[in-house]
Amino acid sequence: MPASPSELQAHAAVAHAAREHSGRLLALLIRDLRDFHLAQDCLQDALESAVVHWSRNSLPHSPEAWLLQTARRKAIDRIRRMRNFERLSDEYARLLELDQSTQEQEEPEVIPDERLRLIFICCHPAIDEKTRIVLTLRTLCGLTTTEIARAFLDTPDAMAQRLVRARHKIKKAGIPYELPREDMWAERLQSVLSVIYLVFNEGYAATSGQHVLRHELCEEAIRLGRMMLHLKPGEAEIEGLLALMLLNHARRKGRATADDDLIPLDQQNRQLWDQAQIKEATDLLVTALKRQQPGVYQLQAAISAIHAESPSHAATPWHEIVLLYDGLHALSNNPVYLLNRAVALSYAQSPEAALDALVPLVLPLGDYQPFYAAHADVLRRLGRIVEAKQAYQRAITLSHNNSERAFLQSRLAMLSK
């Protein structure tokens with residue numbers, strides 16, 4: 001029996017709520033319950049209940065508030081049934097108090113730094129850096145396992161296993177759910193900044209879905225970046241990260257058409273770029289660079305600043321960008337930096353030089369869609385059409401974003417004319 005219109009509407013609303021609000025809701029539940037597994041289970045229970053209740057009734061005034069209240073009530077029920085009830089008695093009392101004082105139509109209470117606070121908690125030094133970043137992105141920031149796997153050039157299955165191990169580690173090690181003292185921030189700062197940047201990056205170039213941009217993720221990352229700067233002023237890499245995000249987000253209106261078709265950098269209308277945001281970012285970057293404490297975010301921001309301030313694609317000083325990527329590679333042995341350097345080299349020197357630079361990246365970037373897109377473009381510019389078609393086809397196969405795939409298919413179609 002086919003689903004009714006109300007059921008279809010409810011399923012769509014729940015899917016949207018899960019994607020857009022689960023990170024913030026989970027952060028609040030983890031704060032209340034001090035238990036990752038219980039918080040995740042109760043939120044999942046609430047999402048399943050929403051499908052049923054929203055199908056039978058109209059959608060609530062605030063789906064997010066409805067889910068939060070329902071998840072808390074699911075937690076109350078679960079805790080009542082637990083054998084180790086005493087362990088969670090304080091959390092149980094708090095949930096009862098919150099349930100009695102919260103009405104469905106209210107927005108969920110939001111402590112401005114609640115998610116940031118939990119990001120710091122998740123980035124505990126007892127967990128290796130990659131795992132703590134992965135755990136935080138999945139649990140608190142709402143990114144999918146596939147989206148995170150792409151950011152780390154990993155497979156979704158391997159990433160899922162890492163997440164399972166991380167949750168067991170937290171439980172076994174008895175990692176406390178409390179904000180570390182400020183003198184302990186330094187050992188977690190790099191991981192926290194990585195989380196914020198990867199959230200922004202997923203918003204800037206969405207792994208999957210209908211849209212190339214996810215503005216809400218970009219804006220959330222920028223909000224967290226501003227909060228970090230407020231909490232830790234004078235930190236060069238925080239200034240560099242915020243500058244980088246602002247510079248990239250300033251180009252949002254020029255990156256896609258009204259129909260969400262991707263517009264490459266060389267065809268973007270630079271008049272649409274947000275000049276006020278570019279000015280704020282470049283001022284931040286200058287301040288950061290004057291501190292003479294170079295870091296990867298400052299160098300990436302410097303590259304974005306060159307793009308933002310260049311009058312056209314052709315007038316961009318590509319040789320400066322190549323040098324900055326050399327500096328980035330010296331600071332962090334990341335093959336993605338070498339890929340971007342090769343693209344810049346294709347304009348600073350020649351497509352032939354770029355092709356030579358791409359050859360050693362086949363092994364480390366073998367399943368990375370942007371590698372094949374860049375490779376295809378270089379081959380196209382060299383007139384090596386058959387090879388370019390193969391590279392485009394591989395890039396299309398690896399792409400899960402509709403706008404991105406459509407752009408690559410249009411480039412492939414042009415080679416057949």
Do you know which residues across the stretch 299-321 are buried (at least 18 other Cβ atoms within 10 Å of the Cβ) and more than 21 Å from Q268 (Cβ to Cβ)?
L299
Of all residues in the stretch 33-51, how many are closer than 15 Å to H168 by Cα and either of a type in the set (G, A, S) or surrounded by 23 or more Cβ atoms within 10 Å (Cβ to Cβ) (or both)?
1
Return yes or no: is M228 farther than 16 Å from A305 by Cα and buried (at least 18 other Cβ atoms within 10 Å of the Cβ)?
yes
In the stretch 41-63, what residues are at pLDDT 90 or above and among the acidic types (D, E)?
D45, E48
From the list V378, V386, pick out the single residue that is in a helix (DSSP H, G or I) and without any contact (Cβ under 8 Å) to a residue 24 or more places away in the chain.
V386
Kindly indicate whether I396 is touching a helix residue (DSSP H, G or I) at 6+ places or on another chain (Cβ under 7 Å), outside any loop (DSSP other than H, G, I, E, B) and more than 23 Å from E202 (Cβ to Cβ).
no
Tell me, yes or no, whether the stretch 278-291 has at least one residue that is among the basic types (K, R) and surrounded by 16 or more Cβ atoms within 10 Å (Cβ to Cβ).
no
Which condition from (1) surrounded by fewer than 15 Cβ atoms within 10 Å (Cβ to Cβ); (2) farther than 23 Å from R405 by Cβ is the one that A354 breaks?
(1)
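The values are calculated or read from the model by the stated rules, or taken from the named source; none is laboratory data. Computed from a predicted structure; not experimentally measured. When we count neighbours, we look across all protein chains shown, and the Cβ atoms used for this are built from the backbone with ideal geometry, even at glycine.
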